[in-house]
Amino acid sequence: MSELQKSSSGVPPRFSEEAMRQVEVIFQRYPADRRDSAVMPVLHLAQKEFGGWLSQEALDYVAEVVGMPPIRVYEVATFYTMYNLKPVGTYHVQVCTNISCWLCASDEIVRALQNKLQLSFGESSKDGRFTLSEVECLGACVNAPMLQINDDYYENLTPAKVSEIIDQLP
Amino acid sequence: MTKIVYKHIHLENSHTLAVYKSVGGYQALEKALTLSGDDIIDEVKRSGIRGRGGAGFPAGLKWSFIPKDDRAKYLVCNADEGEPGTCKDRDILRYVPHQLIEGMIIAGYAVRAERGYIYIRGEFYREAERLQAAIDEAYAAGYLGDNVMGRGIRFDLAVHRGGGAYVCGEETGLIESLEGKKGQPRLKPPFPANIGLYGGPTVINNVETLTSVPDIIMNGGAWYSSLGVDKSTGTKVFAVSGHVNKPGNYEVELGIPLKVLLEEYAGGVRGGWDNLKGVIPGGASSPVFTKTVCETITMDYDAIGKAGSMLGSGAVIVMDRSVCIVRAIARLSRFYRHESCGQCSPCREGTGWLSQIMQRIEQGKGVRGDIDLLLSVAGNIQGKTICALGDAAAMPVVGAIRAFREEFEYHVEHGRCMVA
């Protein structure tokens with residue numbers, strides 16, 4: 001299991017007022033005595049608010065906001081792969097290599113990405129712009145091969161298209 | 001051919017309330033609210049619809065298991081779509097969310113659940129946004145909330161995003177996750193119908209199942225059961241991926257010959273029918289069919305079951321003759337190893353073994369006895385775990401050895417692939 005990483009900024013993470021309003025909306029989705037159910041959505045929100053990953057301080061803060069023991073939040077955060085427990089680039093590029101994508105030549109997509117970004121799986125670029133990850137099936141199999149960058153899917157890929165997509169990122 | 005869940009997805013702005021209402025949306029709810037809950041359950045039973053998520057359990061029967069006590073009851077929609085090859089629910093979520101919502105309000109009313117959740121896989125971020133927008137519209141229009149259509153009935157509905165764990169597609173893993181915990185499945189019994197979410201009676205249905213409900217109520221269970229074939233009634237979306245000329249999600253009546261699905265809907269096998277090697281008929285965990293089986297098999301629960309596989313989620317993965325079956329299965333074994341939640345030893349350890357052995361055979365480092373070792377490990381997983389993930393990991397390996405044993409043997413004996 002991955003160890004939790006401390007934040008390097010030294011600034012304790014705090015939700016903005018707008019984010020706190022979103023937390024209140026999240027709480028309302030669950031029965032008042034079932035606040036624990038909010039932990040996953042609040043973790044998702046925290047990851048968005050705090051730069052794409054969750055430091056140990058961020059997890060402690062989520063525990064405080066939701067009202068759970070920190071260890072329970074660590075359990076959840078380490079169980080689900082979407083919670084990044086170390087820093088990721090501005091663009092987290094996740095390429096699917098599971099069966100349908102593999103049948104549709106995801107190997108070529110992976111090569112194109114690795115060449116373009118000069119990264120192997122699990123690596124981030126020095127400028128903090130990109131992280132490249134291999135990911136399991138993302139459920140867009142009839143449009144294989146595909147990848148995800150942050151919240152968006154890119155489908156029916158070719159190596160040339162991959163290069164274009166990367167170039168067009170702001 | 002009759003379509004149900006996809007009949008409106010090609011309309012412009014099909015995801016909006018205005019367009020959904022213009023094609024008769026929420027009329028089934030209006031009708032349902034004039035019936036009793038038991039009448040609705042009977043209608044769904046008559047339809048014969050079976051769970052479209054993979055297990056194929058009759059939905060009406062599932063609903064009828066909800067006890068008539070005064071505990072709070074819950075309705076959960078499983079939108080965790082994660083079985084490799086499967087992407088049918090995504091198009092419902094992003095194109096016709098109101099049809100799903102309408103189905104859920106009807107189901108909630110039938111089983112007297114006042115609260116519903118849609119557990120959607122976390123990666124479907126845009127789909128979750130669409131869904132939330134539709135829920136907001138439905139609240140504003142009075143279809144959701146404490147006075148559904150002015151009838152004094154309460155139904156609240158919320159979206160809950162997962163975190164990227166395949167095992168949460170298992171219904172009790174999903175419940176654990178929804179309660180804010182690791183998604184480790186529960187021992188059954190008790191079944192969710194008695195003790196589910198927050199300890200209350202809970203119905204969990206797949207997206208496609210619930211999205212079929214409005215048409216069942218509108219046109220009657222008998223109408224629905226006239227579609228498809230005996231014991232596999234109605235329509236089903238097949239997500240056809242891999243080596244076909246027109247991969248896509250196709251909604252057809254159950255019982256369609258696989259060959260027709262591939263040749264007439266999916267544009268044919270790449271390089272022609274004779275270039276077909278095999279088909280995984282129901283998602284990654286279902287045993288692969290050889291071309292010989294594909295010639296005659298029909299796509300219904302019983303026919304596929306009798307042929308030794310599963311209709312599952314309806315993910316049809318097509319492989320042409322260029323595919324190394326050992327490599328394909330090795331990739332799947334790696335997936336199951338990654339996704340095992342670690343709770344049960346046979347699965348936690350067994351999926352690791354399966355993946356390692358598959359990998360060494362694939363890399364030409366297999367040793368004599370490895371094939372039997374795979375079968376032995378698989379046998380020690382199957383039926384010995386809390387949830388079906390262990391079986392799901394074992395079945396593709398056992399099925400591939402059964403169908404393509406000579407390829408496995410060639411890999412072991414020659415240290416390389418006979419295909420590529």
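Here are some notes:
- Taking the listed residues A:150, A:156, the one that is farther than 26 Å from residue B:167 by Cβ and at the interface with chain B (Cβ under 10 Å from one of its Cβ atoms) is A:156, with no other qualifying.
- Identity of the residue in the range A:14-44, polar (S, T, N, Q), assigned to a helix (DSSP H, G or I) and surrounded by fewer than 18 Cβ atoms within 10 Å (Cβ to Cβ), that ends up farthest from the other protein chains (Cβ to nearest Cβ): A:22
- The range B:296-325, residues that are farther than 19 Å from residue B:246 by Cα and over 23 Å from the mean Cα position of the chain (by Cα): B:296, B:324, B:325
- Odd one out for residue B:34, checked against (1) more than 24 Å from residue B:127 (Cβ to Cβ); (2) of a type in the set (Val, Ile, Thr); (3) under 26 Å from the mean Cα position of the chain (by Cα): (3)
- Of the helices (runs of 4 or more DSSP H) that lie entirely inside the range B:157-228, those containing 1 or more residues that are more than 14 Å from chain A (Cβ to nearest Cβ) and under 18 Å from the mean Cα position of the chain (by Cα) span B:171-178, B:207-219.
- Applying a threshold of 9 Å to beta carbon distances and a minimum spacing of six or more residues, or different chains, the list of pairs starting in the range B:404-420 at a residue that is over 22 Å from residue B:275 (Cα atoms) and ending at one that is basic (Lys, Arg) and surrounded by fewer than 16 Cβ atoms within 10 Å (Cβ to Cβ) reads B:412/B:368; B:413/B:368; B:415/B:365.
- Pairs with Cβ under 8 Å, 6+ apart, first in the range B:302-320 and under 16 Å from residue B:52 (Cα atoms) and without any contact (Cβ under 8 Å) to a residue 24 or more places away in the chain, second among the small types (Gly, Ala, Ser) and outside any strand (DSSP E or B): B:304/B:282; B:304/B:286
- Yes/no for residue B:137 being assigned by TED's automatic domain parsing to the domain that holds residue B:97, more than 17 Å from residue B:76 (Cα to Cα), free of Cβ contacts under 8 Å to residues at least 60 places away in the same chain and assigned to a helix (DSSP H, G or I): no
- Number of positions in the range A:112-154 that are among the polar types (S, T, N, Q) and buried (at least 17 other Cβ atoms within 10 Å of the Cβ): 5
- Residues of the range A:90-126 satisfying the condition of being of a type in the set (D, E, K, R) and either facing chain B (nearest Cβ under 10 Å) or farther than 25 Å from residue B:239 by Cβ (or both): A:111, A:116, A:123, A:126
- Strands (runs of 3 or more DSSP E) wholly inside the range B:230-323 that include at least 3 residues being over 25 Å from residue B:405 (Cα atoms): B:235-242, B:248-253
- Some residue of the range B:89-111 being in contact (Cβ under 8 Å) with a residue 40 or more places away in the chain, in contact with a strand residue (DSSP E or B) (Cβ under 8 Å, 6 or more places away or on another chain), part of a loop (DSSP other than H, G, I, E, B) and outside the structural domain of residue B:286 (by TED's automatic domain parsing): no
The values are calculated or read from the model by the stated rules, or taken from the named source; none is laboratory data. Computed from a predicted model, the values in this text were never measured in an experiment. So basically every Cβ, Gly included, is an ideal-geometry build from the backbone, and we count neighbours across all protein chains shown.
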